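Asker: I'd like to ask some things about the structure below.
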Amino acid sequence: MLESNIDLSLPYSSTDLPGIGGQLRASADHFVVEELPLYEPQDAGQHLFVNLTKVGLTTKEVQRQLERLFGLRQGTVGFAGMKDKHARTTQTFSLDVGAQSATLLDEAAQRIREALPVTVNWVRSHKNKLQLGHLLGNHFQITVTDLTVDNTEALQRAATIASHLKQYGVPNYFGPQRLGLEGNNIHRGLELLLGQKKVHDGWLRRFLISCYQSYLCNRYLARRTERGAFEHLLAGDVAKKYATGGMFDVSDVVAEQPRYIAQEISFTAPMYGSKMWPAQAAAGELESEILNETGITLEHWRKVRVEGTRRLGRLLLPNLQIQPAPDGLCFEFSLPKGAFATTVLREFMKVDLSSSPDIDGQED
């Protein structure tokens, strides 16, 4: 029977450690995000790379405004990842404008400043269009306000949780922003997967189906954590190297577990699809268990042309810093592309963040 009940509950990695409470996004300046580029523009080529800071606009809204401003076809303006609307975010867009000159760069910057409510940080040229995924990750500076304990107690609790997370990591859950209010995006994605509804916008269709994939990935990570299998590898895991991104099957857990503890490798979680690299043995049994409970088969994925992939299962926080702020605690850290800051902050807050304002879903 196909799944109809959606379970949004997610266990904590630091479940036995009390949180600080609080809320997110008291203002845009309390949620600051800066994109970490995969490469620098080469100052030659037909594409303008425009780095800007925005507040109150989705990435897609900026994309459409830039296309109208420069008379470009829909989809001509590229970007590396979706960024939050309810935050102060800095990211780069690419515009295919053809032959360029130093004068054009200055003129383009001025046109954008006059037409859009954004801050233009720089404009440079490059040979290719920015594509989704052309980024290393994002750097966050987030202030949690309205704490349920005083700042001294909050800082002590946060330091204890930070020590735990730096040692063991965080399950790489998709945030509630991806899943939608009360899981609405999950339901819509499932309807598309089953052929019960149609969406003509290709980008939206792919996004909603990926939301259902994301939900199943969360269920896998949640069950693995609940069963005490987050802090160690399982036989048959598909592991990933943090340094290079290379993946391999874990055939000898005893030999590979020290590398897991040393934070050289992580297990990966399933993003189900018709051609996903499957785990084996115990890890494969858990993957199959999650999918079998839904009634979704490989044929469903084939019909919607979703091949699937694998997702890093454990986030590391080596550069996490926590400082007291006048109105709460400020958390500063970096995450790889596709990871959600709310996944980290919920460990400290121990509150339900599913009602946080919707944002653009980030892309892997």
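Asker: Could you say whether any residue in region 51-66 is within 26 Å of the chain's Cα centre (by Cα), more than 30 Å from residue 176 (Cβ to Cβ) and surrounded by 14 or more Cβ atoms within 10 Å (Cβ to Cβ)?
Answerer: Checking region 51-66: not a single residue is within 26 Å of the chain's Cα centre (by Cα), more than 30 Å from residue 176 (Cβ to Cβ) and surrounded by 14 or more Cβ atoms within 10 Å (Cβ to Cβ).
Asker: (1) in contact with a Pro (Cβ under 9 Å, 6 or more places away or on another chain); (2) crowded, with 20+ Cβ neighbours inside 10 Å: which one isn't true of residue 222, the others all being true?
Answerer: It fails just one condition, (2).
Asker: From the list 156, 91, 131, which residue is outside any loop (DSSP other than H, G, I, E, B), in contact (Cβ under 8 Å) with a residue 24 or more places away in the chain and of a type in the set (S, T, N, Q)?
Answerer: 91
Asker: If you don't mind, another one. Assess whether residue 142 counts as being in contact (Cβ under 8 Å) with a residue 12 or more places away in the chain and more than 16 Å from the chain's Cα centre (by Cα).
Answerer: Numbers: in contact (Cβ under 8 Å) with a residue 12 or more places away in the chain: yes; more than 16 Å from the chain's Cα centre (by Cα): no.
Here the answer is no, as residue 142 does not meet what is asked.
Asker: Right, something else. Of the residues 154, 162, which is in contact with a strand residue (DSSP E or B) (Cβ under 7 Å, 6 or more places away or on another chain), of a type in the set (A, V, I, L, M, F, W, C) and within 30 Å of residue 258 (Cβ to Cβ)?
Answerer: Matching residue, one of 154, 162: 162.
Asker: Residue check, residue 330 against (1) crowded, with 22+ Cβ neighbours inside 10 Å; (2) part of a strand (DSSP E or B), all met but one. Which one?
Answerer: Failed condition: (1).
Asker: Right, another one. Would you tally the residues in region 1-50 being hydroxyl-bearing (Ser, Thr, Tyr) and loosely packed, with under 13 Cβ neighbours inside 10 Å?
Answerer: 4
Asker: Which one of the conditions (1) at pLDDT 95 or above; (2) in contact with a Leu (Cβ under 9 Å, 6 or more places away or on another chain) does residue 167 fail to meet, given that it meets all the rest?
Answerer: (2)
Asker: When region 203-230 is examined, which residues are found to be farther than 14 Å from residue 287 by Cα and among the hydroxyl-bearing types (Ser, Thr, Tyr)?
Answerer: Across region 203-230, the qualifying residues are 210, 212.
Asker: While we're here: Just to be sure, is residue 269 touching an Asp or Glu at 6+ places or on another chain (Cβ under 7 Å) and crowded, with 20+ Cβ neighbours inside 10 Å? Walk me through how you get there before you give the answer.
Answerer: Details: touching an Asp or Glu at 6+ places or on another chain (Cβ under 7 Å): no; crowded, with 20+ Cβ neighbours inside 10 Å: yes.
In short, no.
Asker: Residues that are in contact (Cβ under 8 Å) with a residue 40 or more places away in the chain and in contact with a strand residue (DSSP E or B) (Cβ under 8 Å, 6 or more places away or on another chain): find the helices (runs of 4 or more DSSP H) completely inside region 228-326 holding 3 or more of those. Spell out the reasoning first.
Answerer: Numbers: elements: 253-261, 281-294, 298-303.
Passing ranges, in order: 281-294.
Here's the yes/no breakdown for (1) at pLDDT below 95; (2) β-branched (Val, Ile, Thr); (3) in contact with a His (Cβ under 9 Å, 6 or more places away or on another chain); (4) not assigned by TED's automatic domain parsing to the domain that holds residue 206:
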site	(1), (2), (3), (4)
244	no, yes, no, no
249	no, no, no, no
264	no, no, no, no
278	no, no, no, no
281	no, no, no, no
287	no, no, no, no
310	no, no, no, no
333	no, no, yes, yes
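Asker: I've got another one for you. Among 155, 233, which is the only one that is surrounded by fewer than 22 Cβ atoms within 10 Å (Cβ to Cβ), aliphatic (A, V, I, L, M) and farther than 30 Å from residue 102 by Cβ? Break it down into steps so the answer makes sense when it comes.
Answerer: Working: 233 fails: surrounded by fewer than 22 Cβ atoms within 10 Å (Cβ to Cβ).
So the residue among 155, 233 that is surrounded by fewer than 22 Cβ atoms within 10 Å (Cβ to Cβ), aliphatic (A, V, I, L, M) and farther than 30 Å from residue 102 by Cβ is 155.
Asker: Would you point out which residue out of 74, 110, 42 is without any contact (Cβ under 8 Å) to a residue 24 or more places away in the chain and either within 30 Å of residue 225 (Cβ to Cβ) or assigned to a loop (DSSP other than H, G, I, E, B) (or both)?
Answerer: 74
The values are calculated or read from the model by the stated rules, or taken from the named source; none is laboratory data. Since the model is a prediction, treat every value here as computed from it, not as a measurement. Positions of Cβ are backbone-derived with ideal geometry, glycine not excepted, and every protein chain shown enters the neighbour counts.
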